[in-house]
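Peer 1: Let me give you the structure first, and then I'll get to my questions.
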Amino acid sequence: MIVATAIILAVLSTPGPQGSFTPFVNEANVRGVVASTLGSPQTVGQYGFGIGFADLDRDGDADLVALGTTAALVSIFENTGAGYFVNRTATCGVTGLSSPGGFAAADLDADGDLDLVISQRGHGIKLYRQTAPMLFIDATHGSGLDSTWVGRCVSMADLDGDGWIDCMVGNYAGLIAGTDGARPQVFLNQQGSGRFIEAAAWCGIDAPAYTFMVSPGDLDRDGDPDLYLSNDRAHIGPILASNRLLRNDRGGWTELTAECGDAGAAFFSMGVARADFDGNGLIDLLCTNITVPNQPLGAVHPLLMQVAPMSWDEQATSRGLVTASNLTGWSVQAFDADNDGDPDLHIVHQAAQDRFFLNTNGQFTDLTTTAALGGGPQVDYGSACADVDGDGAIDLVTNPLGAPLRLFMNKEGRRRPAVRIGVAGEWPNLDAIGALVDVEVDGRTTLLEIAAGGVGYLGMNDARVHAGLGDSPRADRVTVTWPWSGTTRTIHALPAGSCWTVHPPERLGDANGDWTIDSIDRTALNGCLGESLLTCPCLVFDFDGDGSVTSTDAAAFEARADLARCDLDRDGDVDSADLAMLVAGWGTNDPRLDATRDGAVTGADLAQLLAEWSP
């Protein structure tokens, strides 16, 4: 019912008069988001606390994680499905923290649920493994996630292409005694075993810095995550570490800081946003700043426009992104607030009004007052985005110090249609972190990427991506490119809605997500046949990507269902190639190879393979 309502709202809504904008409304209390953040001056954290959204219980909606709350230091709120929340803090098991900083969530062991990594100020990184929906255990001991520095941002991505999600932590050098040598950290996931190996030197970022953000993102859109580092105070020292860019070259890293233009500048750099602001097919950046003139890029929040591949030019003033002097910016979010197809900006300020800028073809207009997104007088650091109520409009949460959380519900975006898209992953990157999503509407393409942390400041946004459709009731074409493998899938005429999940070709037809085609999937297929206007559960059966489920898709489904379970390479035979795949995955929980569905690749699966061996 929520899905149907979202589609109806998106398709039938009518834009208001030219130049109007419906204000956001803070509905935190009425929606159950009742918590306050510790005050200022801070006695536990420093430079703010993380806040963000993730679908922790896998029920299709965005749950809320807030660090630095007065009651328990970490508060977790379960979304009931309509944007109303239940506080699960007392029962979730996330305890033992002393000074939380930033966090990110990802499925680190490929068991199907999201795990949490939380940085701290001088008290060590914490790993919480989810064992049941909304139930976590402390799995830090023996994990190798080790640091007693001042942990800031936590972000997740597959840096080395092995499919397992790695973890990055920004550290701020010298903020407390004994941390003068603090540097960014990279922890490579050891095959989902719960152990990580520190590898900042391999990435080339093992130098002291005032690092707030380690932001992994595919800035050149070549299928692997690059690294952008937001470093504070590099122009005034004593640590002269400017913002840095390192290109991922699939086996090594190339430092591009000196050649990337203004993206490698030194200033008071804090939060980071990534988006194609002017629609030229290149990813731009915005870094928040202290807007004082005596720094290389001036008294602006640098708007770094990618003017040539991997080269950026600062253009804030010329594009209307102008703020008062002496403002201290922290989190920044790039999201399509009005669903017109281009990303707008919300910037959080410390002890000053937040600002909201509406984007029109790459030019920004300050609509803070009209949109009612100025916040209040408190010291503010964090923000995060998600469509929490499934109405097709992106909502915003902030966590001012010494005050209740604010949940700003978007009333403007629902006046135009949008698509919200999740991406199912290739094993073991089950959530397709790093996948690129291109949404084409009326000749315009919105460039999006599945991310887990690394944007905003200290928190994370809902991993599902969102594209406004303007006046169109559907996306003409959605193309997904999976990271590292380069696997692509294109879907035509995708209707407006807020619930689509795009599966890679190898997972088509598997409606219940158990990595096999069976009678349950066939029943679901039969219920979808003839769907000329796709409904969300039926997209997994659209083998040819034409936006409908027809006899052609049914034939493709039956061809896949006819394959032997142990035909692992899907070539029609069970032979030595399949045996080699099974041996390579021996002892893992790879569901593609687990023919007996007992949770591990063992001798039982070998016996099944031999029983199906092609004559």
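Peer 1: Does region 224-368 classify as rounded, prolate or oblate by the C-alpha gyration tensor (a ≥ b ≥ c root eigenvalues; a/c under 1.5 gives rounded; else a/b over b/c gives prolate, otherwise oblate)?
Peer 2: oblate
Peer 1: Turning to a different aspect of this structure: How big is the dipole moment of region 249-347 about its Cα centre under a simple scheme where the beta carbon of each Lys and Arg is +1, that of each Asp and Glu is -1, and everything else is neutral? Debye, nearest 20, please.
Peer 2: Working: 3 positive and 14 negative charges, 74 e Å.
Dipole size: approximately 360 debye.
Peer 1: Treat every Asp and Glu Cβ in region 423-503 as -1 and every Lys and Arg Cβ as +1, leave all other atoms uncharged, and give the resulting dipole magnitude about the Cα centre to the nearest 20 debye. Could you put the intermediate results ahead of the total?
Peer 2: Details: 5 positive and 9 negative charges, 17 e Å.
Taking the Cα centre of region 423-503 as origin, the dipole is about 80 debye.
Peer 1: Taking H as built 1.01 Å from N, whose amide H comes closer than 5 Å to the amide H of G261, not counting residues under 5 places away?
Peer 2: The answer is W312.
Peer 1: On the accessible surface of region 148-187, probed at 1.4 Å, how many percent belong to carbon and sulfur atoms?
Peer 2: Working: 410 of 880 Å².
Looking at region 148-187 in its full context, I get 46 percent from C and S.
Peer 1: Return the FRET efficiency for the residue pair S485, T80: r is the Cβ-Cβ distance, R0 is 60 Å, and the value is rounded to the nearest 0.05.
Peer 2: Numbers: r = 36 Å, r/R0 = 0.60.
It comes out at approximately 0.95.
Peer 1: What whole-number value in cubic angstrom gives the convex hull volume per residue for the C-alpha atoms of region 269-340? Before the final figure, lay out each step's value.
Peer 2: Working: hull volume 6.9 nm³, N = 72.
Residue-normalised Cα hull volume stands at 96 Å³.
Peer 1: Also, quick follow-up: For region 250-299, which whole-number percentage of the solvent-accessible area (1.4 Å probe, protein heavy atoms only) is attributable to carbon and sulfur atoms?
Peer 2: Its accessible area is 54 percent carbon and sulfur atoms.
Peer 1: Give the relative contact order (percent, whole number) for the chain; include only Cα pairs under 8 Å separated by 6+ residues.
Peer 2: On the way: 1784 pairs, mean separation 79.3, N = 615.
It rounds to 13 percent for the chain.
Peer 1: List, largest first, the extents of the alpha carbons of region 529-615 along their principal axes, each in whole Å.
Peer 2: Answer, in whole Å and largest first: 45, 28, 16 Å.
Peer 1: Let me ask something else. For region 93-248, taking Cα atoms only, what is the radius of gyration to one decimal and the Dmax to the nearest whole Å?
Peer 2: 15.1, 48
Peer 1: What percent does the relative contact order of region 160-270 come to when contacts are Cα pairs within less than 8 Å and at least six residues apart?
Peer 2: Numbers: 256 pairs, mean separation 22.0, N = 111.
Computed value for region 160-270: 20 percent relative contact order.
Peer 1: Can you list the HN-Hα couplings for region 590-606, worked out from phi with the Karplus curve (6.51, -1.76, 1.60; θ = phi - 60°), rounded to whole Hz and with x for Gly and Pro?
Peer 2: Values per residue, Gly and Pro as x: 4, x, 5, 9, 7, 5, 8, 6, 9, x, 7, 8, 9, x, 4, 6, 4 Hz.
Peer 1: Distance in nm between label sites at A559 and A199, each 7 Å beyond Cα in the beta-carbon direction?
Peer 2: 3.7 nm
Peer 1: For A104, what residues show an amide H to amide H distance below 5 Å, using hydrogens built from the backbone and excluding near sequence neighbours?
Peer 2: Sorted by chain and number, the residues that satisfy this are V117.
Peer 1: Another question about this same structure. Counting heavy atoms of the protein chains only and a 1.4 Å probe, report the per residue accessible area for region 464-615 as a whole number of Å². Walk me through the numbers before you get to the answer.
Peer 2: On the way: 6500 Å² over 152 residues.
Accessible area per residue, region 464-615: 43 Å².
Peer 1: While we're here: Average the reciprocal distances over every distinct pair of alpha-carbons in region 37-176, invert the result, and give the Kirkwood radius in Å. The partial results should precede the final answer.
Peer 2: Numbers: mean 1/r = 0.0652 Å⁻¹.
Over region 37-176, the inverse of the mean reciprocal pair distance is 15.3 Å.
Peer 1: Cβ neighbours within 10 Å, averaged per peptide: list 397-407, 75-85 in order, most packed at the top.
Peer 2: Working: 397-407: 23.1, 75-85: 20.6.
Top of the packing list down: 397-407, 75-85.
Peer 1: How large is the convex hull of the Cα atoms of the chain per residue, expressed in Å³ as a whole number?
Peer 2: Numbers: hull volume 85.2 nm³, N = 615.
Output value, Cα hull per residue: 139 Å³.
Peer 1: Which value in nm describes the separation of the simple spin-label points at A604 and T523, placed 7 Å from the Cα toward the beta carbon?
Peer 2: Label-label distance for A604 and T523, simple model: 2.4 nm.
Peer 1: Taking the Cα atoms only, what angle lies between the long axis of helix 551-561 and the longest principal axis of the chain, rounded to 10 degrees?
Peer 2: 80 degrees
Peer 1: Which of F557, T291, S614 sits farthest toward the positive end of the charge dipole of the chain, with +1 on the Cβ of Lys and Arg and -1 on the Cβ of Asp and Glu?
Peer 2: T291
Peer 1: How much FRET efficiency would the formula 1/(1 + (r/R0)^6) give for D573 and R507, where r is the Cβ-Cβ distance and R0 is 30 Å, rounded to 0.05? Numbers along the way, then the final one.
Peer 2: Working: r = 21 Å, r/R0 = 0.71.
My answer for the efficiency is 0.90.
Peer 1: For the chain, what is the mean residue ellipticity at 222 nm derived from helices alone (per DSSP H run of n ≥ 4: -39500 (n - 2.57); sum divided by total residues; nearest 500 deg cm²/dmol)? Intermediate values should be presented prior to the final figure.
Peer 2: Working: 7 runs with 58 residues, N = 615.
Taken over the chain, the calculation gives -2500 deg cm²/dmol.
Peer 1: Taking the dipole about the Cα centre of region 122-236, with the C-beta of Lys and Arg at +1 and of Asp and Glu at -1, give me whichever of A139, V154, I165 is farthest to the positive side.
Peer 2: After comparing all options, I get A139.
Peer 1: Place the peptides 419-431, 319-331 in order of packing, highest mean first, counting for every residue the other Cβ atoms within 10 Å and averaging per peptide.
Peer 2: Numbers: 419-431: 22.9, 319-331: 18.9.
Ranked from most to least packed, the peptides come out as 419-431, 319-331.
Peer 1: Follow-up question, since we're still on this one. If you count, for each residue, the other Cβ atoms within 10 Å and average over each peptide, how do 220-231, 477-488 line up from highest to lowest? Don't jump to the answer; show the numbers that get you there.
Peer 2: Values: 220-231: 22.8, 477-488: 18.9.
The peptides rank, most packed first, as 220-231, 477-488.
Peer 1: Any idea which of T588, L227, Q333 is furthest toward the positive side of the dipole for the chain, if Lys and Arg beta-carbons carry +1 and Asp and Glu beta-carbons -1?
Peer 2: Q333
Peer 1: Mind checking the dipole of the chain: about its Cα centre, +1 per Lys or Arg Cβ, -1 per Asp or Glu Cβ, Debye to the nearest 20? Could the numbers behind the result be given before it?
Peer 2: Numbers: 35 positive and 81 negative charges, 482 e Å.
Charge dipole of the chain: 2320 debye, to the nearest 20.
Peer 1: For E531, list long-range residues whose amide hydrogen, built 1.01 Å from N in the peptide plane, is under 5 Å from its own amide hydrogen.
Peer 2: Under 5 Å from the amide H of E531: V549.
Peer 1: Modelled label-to-label distance, N326 and D222, 7 Å Cα→beta-carbon offset: nm?
Peer 2: The modelled label-to-label distance comes out at 4.6 nm.
Peer 1: What are the radius of gyration and Dmax of region 311-404, computed over its Cα atoms and given in Å?
Peer 2: 13.5, 41
Peer 1: How about the chain: what cysteines have no other cysteine beta carbon under 4.7 Å from their own?
Peer 2: C92, C153, C167, C203, C260, C287, C385, C566
Peer 1: A follow-up question, please. Output ³J(HN,Hα) for region 124-136: one whole-Hz value per residue in order, computed from phi by the Karplus curve 6.51 cos²θ - 1.76 cosθ + 1.60 with θ = phi - 60°, and x for Gly and Pro.
Peer 2: Result, ordered by residue: x, 6, 10, 10, 10, 8, 7, 9, 7, x, 6, 10, 10 Hz.
Peer 1: Rounded to whole Hz and in sequence order, give me ³J(HN,Hα) for region 519-531 from the Karplus expression 6.51 cos²θ - 1.76 cosθ + 1.60, θ = phi - 60°, writing x for Gly and Pro.
Peer 2: Each residue of region 519-531 in turn: 5, 5, 5, 5, 4, 5, 4, 4, x, 9, 4, x, 6 Hz.
The values are calculated or read from the model by the stated rules, or taken from the named source; none is laboratory data. Every value quoted in this text rests on a predicted model; they were computed, and no experiment measured them. When we count neighbours, we look across all protein chains shown, and the Cβ atoms used for this are built from the backbone with ideal geometry, even at glycine. The area values use the complete protein model at the heavy-atom level, side chains included, leaving out ligands, DNA and RNA. Shrake-Rupley method; radii C 1.70, N 1.55, O 1.52, S 1.80 Å.
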